[in-house]
Amino acid sequence: DIGLVIPAEPLFRSRDIIGYCYQSMFEGCTSLVNAPALNGTSLASSCYQSMFKNCTSLVNAPVLNCTSLSTSCYQSMFEGCTSLITAPTLPATLLAQSCYQSMFEGCTSLVTPPSLNATSLVQGCYQSMFNGCTSLVNSPALPATTLAYYCYNAMFAGCTSLVNAPALPATILMYACYESMFSRCTSLVTAPELPATILADNCYSHMFYECTSLVNAPALPATTLI
């Protein structure tokens, strides 16, 4: 008898997610078609980061019900999932730093993006989220009026089929908030309106870089430049 005590319950229940717990768990599983159910309701930093990255046969993504996120929790989760057509619903309105960064980057079959209902953004939250989604024609609505550093940086870069860009209602910008947002969107004909009059460093840098079909440029009403 060494005095070992067996706890009556598991120390960590399936609903209590701890940092990095599932990071890269199935990365590179190129024959995986269906993802397992993910029951976590309280997330932690990087808990699902790169979990299904480069699962090139993945068709059915798991339901993601969490409404309060944590730093990098979904970062690169489905990056390189080239068979994924429909993104899972993302109901969260309380975001966290880099929470959705590169989440669907390189998902070349993605047609149906998730709704993004948050009105207050945080640093890097949507950075490169749909970068390289070459089948995406319509972007989700982006209702946020409170921006943050890098929030939309390269969000739709390389979306060569994108025709309908979202409205961008914010009037006060932040560092690199729209940097490279639509770069290389070669099907984009009309740019969204840019009503902001209070600018920030690099806010529009490379925003429409190499948009070779762009005919209608936005008005730029700011009188004080950075």
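The values are calculated or read from the model by the stated rules, or taken from the named source; none is laboratory data. What you are looking at is a predicted structure, and each value in this text was computed from that prediction instead of being measured. Glycine gets a Cβ as well: all are built from the backbone with ideal geometry, and neighbour counts include every protein chain shown. Heads up: the accessible areas ignore ligands, DNA and RNA and are worked out on the full protein's heavy atoms, side chains in. Shrake-Rupley method; radii C 1.70, N 1.55, O 1.52, S 1.80 Å.
Here residue 52 meets the list (1) farther than 25 Å from residue 182 by Cα; (2) at pLDDT below 95 almost entirely, failing just condition (2).
Just give me the residues in the stretch 105-122 being surrounded by fewer than 20 Cβ atoms within 10 Å (Cβ to Cβ) and either of a type in the set (A, V, I, L, M) or farther than 22 Å from residue 63 by Cα (or both), in sequence order. Scanning the stretch 105-122 gives 111, 119, 120. Restricting the stretch 55-69 to residues that are open to solvent by 20 Å² or more (accessible area, probe 1.4 Å) and over 15 Å from residue 129 (Cβ atoms), the residue that is modelled with the lowest pLDDT is 68.
Within the stretch 179-214, the set of residues being in contact with a strand residue (DSSP E or B) (Cβ under 8 Å, 6 or more places away or on another chain) and either polar (S, T, N, Q) or open to solvent by 40 Å² or more (accessible area, probe 1.4 Å) (or both) comprises 189, 190, 198, 214.
Mind checking whether some residue in the stretch 21-28 is open to solvent by less than 20 Å² (accessible area, probe 1.4 Å) and assigned to a loop (DSSP other than H, G, I, E, B)? Among the residues of the stretch 21-28, not one is open to solvent by less than 20 Å² (accessible area, probe 1.4 Å) and assigned to a loop (DSSP other than H, G, I, E, B), which makes the answer no.
Does residue 44 satisfy being aliphatic (A, V, I, L, M), within 20 Å of residue 177 (Cα to Cα), open to solvent by 10 Å² or more (accessible area, probe 1.4 Å) and part of a loop (DSSP other than H, G, I, E, B)?
On the way: aliphatic (A, V, I, L, M): yes; within 20 Å of residue 177 (Cα to Cα): no; open to solvent by 10 Å² or more (accessible area, probe 1.4 Å): yes; part of a loop (DSSP other than H, G, I, E, B): yes.
The answer is no for residue 44.
In the stretch 128-150, the residues that are without any contact (Cβ under 8 Å) to a residue 60 or more places away in the chain and assigned to a loop (DSSP other than H, G, I, E, B) reach residues that are among the aromatic types (Phe, Trp, Tyr) and open to solvent by 50 Å² or more (accessible area, probe 1.4 Å) with C-beta atoms within less than 6 angstrom, at least six apart or across chains, in these pairs: 149/175.
So in the stretch 123-141, with the set limited to residues that are among the aliphatic types (A, V, I, L, M) and crowded, with 24+ Cβ neighbours inside 10 Å, which one is farthest from residue 176 (Cα to Cα)? Talk me through it step by step, then tell me what you get.
Restricting attention to the stretch 123-141, the residues satisfying the condition of being among the aliphatic types (A, V, I, L, M) are 129, 136-137, 141.
Checking the rest, the ones that are also crowded, with 24+ Cβ neighbours inside 10 Å come to 129, 136.
Numbers: 129: 15, 136: 23 Å.
So, considering only residues that are among the aliphatic types (A, V, I, L, M) and crowded, with 24+ Cβ neighbours inside 10 Å, the one farthest from residue 176 (Cα to Cα) is 136.
For a quick check of your reading of the model, give me the residue pairs whose first member lies in the stretch 37-56 and is under 11 Å from residue 73 (Cα atoms), whose second is among the acidic types (Asp, Glu) and open to solvent by 50 Å² or more (accessible area, probe 1.4 Å), with beta-carbon atoms closer than 8 Å and at least 6 apart or on different chains. Once the first residue is under 11 Å from residue 73 (Cα atoms) and sits in the stretch 37-56, its partners that are among the acidic types (Asp, Glu) and open to solvent by 50 Å² or more (accessible area, probe 1.4 Å) give 42/16; 50/27; 51/27.
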